[in-house]
Amino acid sequence: MKDKKIITGQECLNDYEHLTSEGRSRRNILKSLGAAGLLLAASSATTMTPFNVFAKSESGSEPVLGKPGGKIKVASLSSSTADTLDPAKGALSTDYTRHYMVYNGLTKFDEHLVPHLELAESIDNENATVWHIKLRKGVLFHDGKELTAEDVVFSLNRHKKPETASKVMGLAKQFKSVSAAGKYDVTITLEGPNAELPSILAISHMLIVPAHISLNKGIGTGPFKVTDFKPGMRTLVKKNENYWKPGLPYLDEIELFAIPDEPSRVNALLSGEVHVINEVNPRSTSRIEASSGHRYVNAPSGNYTDLIIRQDMMPGKSADFTEAMKLLMDREQIKSAIFQDFAVIGNDTPIAPGARYFNSELPQTTFDPDKAKYLIKKAGFADAKIPLVASSAATSSVDIAVMMQQSAAEVGIKMDVQTKSADGYWSNHWAKHPLSFGNINPRPNADIIFSQFFLSSAAWNESHWQNSHFDKLLIDARKETDDDKRAQMYAEMQTLVNTKCGIGIPVFISNIDGVDSRLKGYGTNPLGGFMGYMFAEKVWLDA
């Protein structure tokens with residue numbers, strides 16, 4: 001980001017960005033750079049210390065201080081009556097954004113997906129299995145109660161309880177125990193080593209809530225307090241005057257709601273009705289660019305819209321049929337025609353090119369309608385009309401479905417595109433048909449995305465894929481502290497997903513937000529739109 005400068009370690013960070021873009025692992029990068037500020041979690045008794053990062057003035061001599069005050073309106077892609085103030089239950093980008101406004105985590109990702117200390121004052125570990133966390137003192141919840149170890153123990157342990165219905169219950173199963181070792185000290189003992197625990201603790205679902213207090217009021221330690229929350233309608237938050245980070249947040253008030261229709265979202269931005277929108281269609285960027293009072297923010301990411309082929313029902317039970325559907329996706333055309341090159345080619349695995357552990361040696365799946373026709377005939381569906389469910393709720397899935405339908409028709413394959421309303425799509429249609437589309441927000445590392453979406457027991461195992469060898473590799477990879485061996489495991493896991501799983505990932509989509517030019521400090525984060533859902537405490541209104 002041009003308006004950011006690292007006061008300490010700038011050359012190190014520049015090299016870090018270059019090496020991560022090449023897909024180098026964090027451990028190897030740190031060995032190369034000797035970067036004292038970055039986490040090397042796999043080593044024993046390692047203490048985690050963040051870089052010192054500030055916004056700088058144009059002269060570079062003084063930090064830029066945001067202008068306090070102002071109210072903004074933010075329009076997200078989707079909301080529903082299932083909207084929640086409980087971080088454990090967050091399922092949509094609107095949920096994640098709301099939760100980061102209200103709560104803090106023990107750690108927090110920067111724009112390079114490096115976990116930094118947040119509510120934790122220090123973190124160290126013994127062989128990546130026993131983790132010792134010392135909390136910041138004097139941090140207050142919105143109701144005036146001080147944050148203590150009891151709150152952290154409660155927040156983390158609740159993910160393991162079925163009645164919580166946590167979206168990350170699968171991740172939390174690795175917590176053998178979470179206990180208080182003092183008023184401000186927490187010990188986490190894992191079932192086995194996991195060098196990525198600080199990254200897991202940074203995801204929105206792991207944000208810290210107060211112990212034994214109802215979550216329907218949204219009481220947290222975060223930069224904003226909830227003043228009005230109506231699921232499916234809006235969230236109104238106001239500045240937390242007692243926030244533990246001096247000088248933050250800048251804004252006085254944020255109203256968050258959804259406008260599901262993308263053209264309507266863009267119109268709302270350009271008319272001045274809202275100040276920020278997410279999920280801008282690449283075709284709309286020229287409209288935003290033409291407005292002197294607005295800009296679009298492009299952030300390459302691991303976000304993807306995926307074709308879901310249920311493996312537990314026909315026709316997806318047929319391996320030939322599953323392969324055929326992947327061959328009907330013209331990835332180059334999807335990238336250029338649908339996403340206007342605001343995307344990179346995918347290869348039917350959730351690890352994006354350039355990401356840590358990306359398997360660059362995996363043969364690329366290519367567009368081959370003739371082979372698809374042969375495989376469909378072999379599977380016994382040559383004369384069938386194949387239903388394909390899509391919705392604007394899953395980014396550009398309708399366009400992808402229509403393109404697949406046209407390609408299939410040219411070789412005599414009949415596909416029936418069924419377009420469902422965005423309203424209620426995630427509850428009523430997502431992964432509930434033999435063939436449908438999903439849209440997965442970026443995850444910070446391979447362990448998390450594989451655990452949440454591809455593990456046989458995962459709640460969000462979209463294609464209901466069951467593979468015991470994959471499951472074993474995933475568990476073994478968590479225990480492996482040799483990064484090269486771990487990389488080999490993740491490479492094999494990607495091969496299994498590519499060749500066996502009922503998920504087709506044609507491209508990885510850039511996050512494009514539309515922003516009022518008066519809103520300053522707005523940047524990017526590969527986790528997702530809205531600066532990885534964490535924009536709220538970082539931006540200010542210069543009006």
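The values are calculated or read from the model by the stated rules, or taken from the named source; none is laboratory data. Because the structure is predicted, anything quoted here is derived from the model rather than measured. Virtual Cβ from ideal backbone geometry, glycine too; neighbours counted across all protein chains shown. In case anyone asks, the SASA skips ligands and DNA or RNA and just uses the protein heavy atoms, side chains included. Shrake-Rupley method; radii C 1.70, N 1.55, O 1.52, S 1.80 Å.
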Report task. Please report, to two decimal places, log10 I(q)/I(0) for region 438-490 at q = 0.12, 0.25 Å⁻¹ as given by the Debye formula with identical point scatterers on the Cα atoms and no solvent. Result -> -0.27, -1.00
Query raised in the report: Rule-of-thumb check for region 306-399: C-alpha Rg over 2.2 N^0.38 Å?
Result: 1.16
Query raised in the report: In 10 Å bins starting at 0, how do the alpha-carbon pair distances of region 64-116 split up by percent?
Result: 19, 39, 37, 6
Report summary line: If the label point sits 7 Å along Cα→Cβ of Lys137, residues of region 94-116 with amide N under 18 Å come out as none
Query - Gyration tensor verdict on region 185-235 (Cα atoms; rounded if a/c is under 1.5, prolate if a/b is larger than b/c, oblate otherwise) - result: prolate
Query - As computed over region 209-325, the Cα convex hull volume per residue (Å³) - result: 221
Query raised in the report: Which shape class, rounded, prolate or oblate, goes with region 141-293 when its Cα gyration tensor gives a ≥ b ≥ c as root eigenvalues, a/c under 1.5 marks rounded, and past that a/b bigger than b/c marks prolate?
Result: prolate
**Report entry** Taking the convex hull of Cα positions in the chain, its mean projected area over all directions (nm²)
**Finding:** 23.2
**Report entry** Within region 132-266: Cβ-based charge dipole about Cα centre, in debye rounded to nearest 20 (Lys, Arg +1; Asp, Glu -1)
**Finding:** 300
Report task. Scan the chain and report its longest stretch carrying no GluC sites (Glu not before Pro) that are both in a DSSP loop and have at most 14 other Cβ atoms within 10 Å. Result -> 362-543
Report task. Classify region 354-426 as rounded, prolate or oblate, taking a ≥ b ≥ c as the square roots of the eigenvalues of its Cα gyration tensor: rounded when a/c is under 1.5, otherwise prolate if a/b is larger than b/c and oblate if not. Result -> oblate
Requested in this report: List the equivalent ellipsoid semi-axes of region 69-153 in whole Å, largest first, each obtained as the square root of 5λ for an eigenvalue λ of the Cα gyration tensor.
Outcome: 27, 17, 14
Query - Solvent-accessible area, 1.4 Å probe, carbon plus sulfur percent, for the chain - result: 50
Requested in this report: For the chain, calculate the relative contact order in percent as a whole number, restricting contacts to Cα pairs under 8 Å that are 6 or more residues apart.
Outcome: 20
Report task. Just need the relative contact order of region 361-498 here, percent rounded to a whole number, with Cα pairs under 8 Å and 6+ apart. Result -> 17
Report task. For the chain, report the accessible area per residue in Å² (1.4 Å probe, heavy atoms, rounded to an integer). Result -> 39
Query raised in the report: How high is the FRET efficiency between Lys161 and Asn127 when r is their beta carbon distance and R₀ equals 22 Å, given to the nearest 0.05?
Result: 0.20
Query - For His294, residues with placed amide H under 5 Å, excluding near neighbours - result: Ser517
